[in-house]
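Inspection log for the structure reproduced underneath, given as structure tokens.
The values are calculated or read from the model by the stated rules, or taken from the named source; none is laboratory data. Keep in mind the model is a prediction, meaning the values are calculated, not measured. Heavy atoms of the whole protein, side chains included, go into the accessibility calculation; ligands, DNA and RNA do not. Shrake-Rupley method; radii C 1.70, N 1.55, O 1.52, S 1.80 Å.
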Amino acid sequence: MPRSADDARGLLCDLGDHVRDVVTAARGMDMTTIEGETAADTIYAIDRVADDVLVAWFEQHWPVVELVSEGLEEPVAIGRDPAWTVIVDPIDGTRGLMHDKRAAWCLAAAAPRGGSLRDVVAAAMTELPTVKQGATDQLSGVRGGGVTASRFDLRDRARSSLVVRPSTATDLEHGFAGLAKFFVPGKVALAALEGELFARLGASAVFDDEYLSSGGQLHELITGRDRFVADLRPLVVPGALACHPYDVCTAMLLEEAGGVVTDPWGQTLDALLDTTAPVAWVGYANPALASRIGPVLAELVGGSAKR
């Protein structure tokens, strides 16, 4: 059992490695079959592969813990009087991965039991590769300790260190940025909001990239590929498919890398560590972008939801 946040970080990395290996070994199956529905999301066949190994892994490697996961209807208390709550999304980005379009991510974070998203002290995100990938990334960290990044070679299983840093750009021109608008409900309204935001910012040459994975969006920000991402779906289409706490449980890593994560009004992002609460969040590559974009965005969404 972990005695420190860094011990917890190491276990979360081990969990990500295990899920990556399980998912990679499942190649060849029909990943797109719908296996069921939960209050949070549709469960596809590839989700079930990862979900089925989750509790067993914790029983063996972290035998006293409260486990919250997309694939579990309720939190599971493993052992007696756990000190930690661990929240996991075994596969964030299922839809892109099951069609072999883009990598997904195993997301995991630990907080003192009973804590919320702002109480997370350790997190790890592990890339789940497409068929043609030869390597995957893993980012992890403890609060106040920066980000540890590595690349894992799938052929020889060698691991090498990476240096990651968000963009230092102070505007959006000729960079990637945008609002999440993955699904039909709310797409028109979100696109209009995005257009108005960019118009007010005077941003005309902005590139759009719909990475259908909150973890993937965070990775793009942390590694300098994206400058600004906002997921405002709960404000525009309440009750529709939205981001949940497990989708952004590793948001701390963007902060540790030097970026900024807030709610749509510029306040600290927070949510209960559960599987159903809708979460609207905003990520910026650096404080300068947060200062420039945040007040404009807050004004635009000011009447959309009660703060």
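Normalising by the residue count of segment 153-307, find the relative contact order in percent from Cα pairs under 8 Å and 6+ residues apart.
Details: 269 pairs, mean separation 41.9, N = 155.
Once divided by the residue count of segment 153-307, the mean separation gives 27 percent.
Could you give P(r) for segment 1-134, binned at 10 Å from zero, as whole percent values over all Cα-Cα pairs?
With a bin width of 10 Å, the distribution comes to 13, 45, 32, 11, 0.
Whose amide H sits under 5 Å from the amide H of Ile43, counting only residues 5 or more places off or on another chain, with H placed in the peptide plane?
Sorted by chain and number, the residues that satisfy this are Glu35, Gly36, Glu37, Thr38.
Working from the alpha-carbon coordinates of the chain, get Rg over Rh, Rh being the Kirkwood radius. Let's see the in-between values first.
Numbers: Rg = 18.4 Å, Rh = 19.4 Å.
Checking Rg against Rh, the ratio lands at 0.95.
How much accessible area per residue does segment 230-287 have, counting only protein heavy atoms and a probe of 1.4 Å, in square angstrom? Write down the numbers at each step before the final one.
Numbers: 1680 Å² over 58 residues.
Here the residues of segment 230-287 average 29 Å² of exposed surface.
Give the aspartates and glutamates reachable from Lys101 as a straight Cα distance under 15 Å; neighbours fewer than 8 places away on the same chain don't count.
Asp30, Asp92, Glu127, Asp209, Glu210
Debye sum, Cα scatterers, segment 117-256, no solvent: what log₁₀ I/I(0) at q = 0.09, 0.12, 0.16, 0.21 1/Å?
Summing over Cα pairs of segment 117-256 leads to -0.32, -0.57, -0.96, -1.32.
At 20 °C and 1.002 mPa s, what whole-number value in µm²/s does Stokes-Einstein give for the translational diffusion of segment 65-107, with Rh from the Kirkwood sum over Cα pairs?
On the way: Rh = 11.6 Å.
Rounded, D is 184 µm²/s.
Which of the aspartates and glutamates could a cross-linker span from Lys132 if the Cα-Cα distance has to be under 14 Å and same-chain partners fewer than 8 positions apart are dropped?
The qualifying aspartates and glutamates are Asp100, Asp153.
Send over a whole-number figure in Å² for the accessible area per residue of segment 1-102, probe 1.4 Å. Each step should come with its number before you reach the end.
Working: 4620 Å² over 102 residues.
Spelled out: the 1.4 Å probe surface of segment 1-102, per residue, equals 45 Å².
Per DSSP H run of at least 4 residues, take -39500 (n - 2.57); add these up for the chain, divide by its residues and hand me the 222 nm value, nearest 500 deg cm²/dmol. Intermediate values should be presented prior to the final figure.
Values: 8 runs with 91 residues, N = 307.
Roughly -9000 deg cm²/dmol at 222 nm, from the helical runs in the chain.
At 1.4 Å probe size, with the rest of the protein present, what percent of the exposed accessible area of segment 3-156 is carbon and sulfur atoms?
Values: 2930 of 6380 Å².
For segment 3-156, the apolar C and S fraction of the accessible surface comes to 46 percent.
Got a number for carbon plus sulfur as a percent of segment 191-230's accessible area, 1.4 Å probe? Numbers along the way, then the final one.
Working: 690 of 1410 Å².
Ligands and nucleic acids excluded, carbon and sulfur give 49 percent.
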